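Here is the structure we will look at, set down as structure tokens.
Please treat every number below as a calculation from the coordinates, not as lab data. Quick caveat: nothing in here was measured; it's all calculated off a predicted structure. Backbone-built Cβ (ideal geometry, glycine too); neighbour counts: all protein chains shown.
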Amino acid sequence: MSIQTSTTRTPVRVLLLTLAAIATVLAACTGVQPGPTGASGSGPKPSSPFDPTTQPAVTGPLLAYRASDEIGLVDGTKVVAKAAGEFPPANDLIATEDDRFVFARTADGRLAVIDVANRRGTTRPIPVGPVLGTAGQSTIVWWEQPDRLMRLDLADPNSQPVLAQAVALPPVAGGQSGEPRLLVARGGTAVLARVEGPPSPFGGPDTLYAVRGPGAPSPLGQVDANSPVSVARLSPDGASLAYAVYRATDAGCGAAAVVQSNANGAQQTFEVAGSDAAAGSRVTKLWWPSEGAPKLSLTTWRCGRPATDPPVVWQLAGDHIEQTAPPTAALQTAELEPGRRALILPKTASYGEPVGTLVYEESSRRFPIKDGVDAIAVIQPSP
């Protein structure tokens, strides 16, 4: 498959200069206020026997999150469901495509699930792969070596993993290749990565394949980076892929870029590194909302020094990449309703970490919900 490539460059020096302006804009609104009653998840106590104790009907979207010690479901500022466990930071999806279930892989490889309808969290004794994706409705998928794409229907509490598809990647000349791994799956498409040939000192480059249906995998070409791809997202229909690359120069520095690949094989690369070899950049998070273009959080730093500026949210916009409006310093954002959104605010003392505090933002007010969060997803109400 031929791949057409075009490039847009945004110098890191410009990115660093804009951070000062962002800090000024955010200075007046970054103070996190104490949440209203129920923000901790305990909920208000009835003042009389006649006060309702059941949950009110949901009129707006809910919010799913994954934290270090639980996955959860939030209604406004109140945590209404949890499933406890140990959850390392990851770039997996956390909600099924029909918004009926929130899910995540625990540190010991089991599956934690929250049923959105009854708000019950459980952990199923089912071993799953290191990366979880979705495959329509309530189905999740993962990769099992050497060539098995496995699936599980969360709508059936008694279901067991079954083989979704055996995938035959093309042989590699000389027979030297790494094991395939799943990057992301959504909308009927699964994207696999494999190092084909002697790896660089940083583990790359990856060669990517798209699996869509029972036919042969479609090659997406070799990634222009010496490190493996770790951050990727598919559009809701599975027809377009966005992924981040990191071109390492040494153990502590490198330059980031974002690539968008369409179903016809055309690719566009958005460079975020300029000519300043002393500046580093990395895409911390990448997400693709149900509507609109992919968004990402970008961290920049001076090589050899800890990051002193927070990650900033950008978005792909046609043939270029631009900051979101309003300018936002966050690991991830999610639009809930007009004037209301959720954000993961990074730790002030450690901007390089992929976890932070989940807050609910309404106008200029921010209410804390949960610490140690690394991923969020909007759950739309049932029709």
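A few comments on the model shown:
- Only Cα pairs under 8 Å and 6+ residues apart enter the sum, and on that basis the relative contact order of the stretch 82-168 stands at 21 percent.
- In a DSSP loop and with at most 12 other Cβ atoms within 10 Å, the GluC sites (Glu not before Pro) in the stretch 68-130 are 86.
- Taking the convex hull of Cα positions in the stretch 253-383, its mean projected area over all directions (nm²): 9.9 nm²
- Using the Cβ of residue 226 as centre and a radius below 15 Å, the other residues enclosed give a net charge of -2, where K and R count +1 and D and E count -1.
- Once you reduce the stretch 171-202 and the stretch 289-357 to the center of their Cα atoms, the two points are 28 Å from each other.
- FRET E, pair residue 98, residue 262, Förster distance 30 Å, beta-carbon r, rounded to 0.05: 0.75
- Estimated FRET transfer efficiency (residue 249, residue 308; beta-carbon r; R0 25 Å; 0.05): 0.80
- Simple label model, 7 Å out from Cα along Cβ direction - residue 269 to residue 84, nm: 4.8 nm
- Distance in nm between pseudo-label sites at residue 290 and residue 69 (7 Å out along the Cβ direction from Cα): 3.1 nm
- Model label points for residue 148 and residue 172, set 7 angstrom from Cα along the Cα-to-Cβ axis, are 2.2 nm apart.
- Rounded FRET efficiency, nearest 0.05, which uses the C-beta distance separating residue 110 from residue 158 and R0 of 25 Å: 0.90
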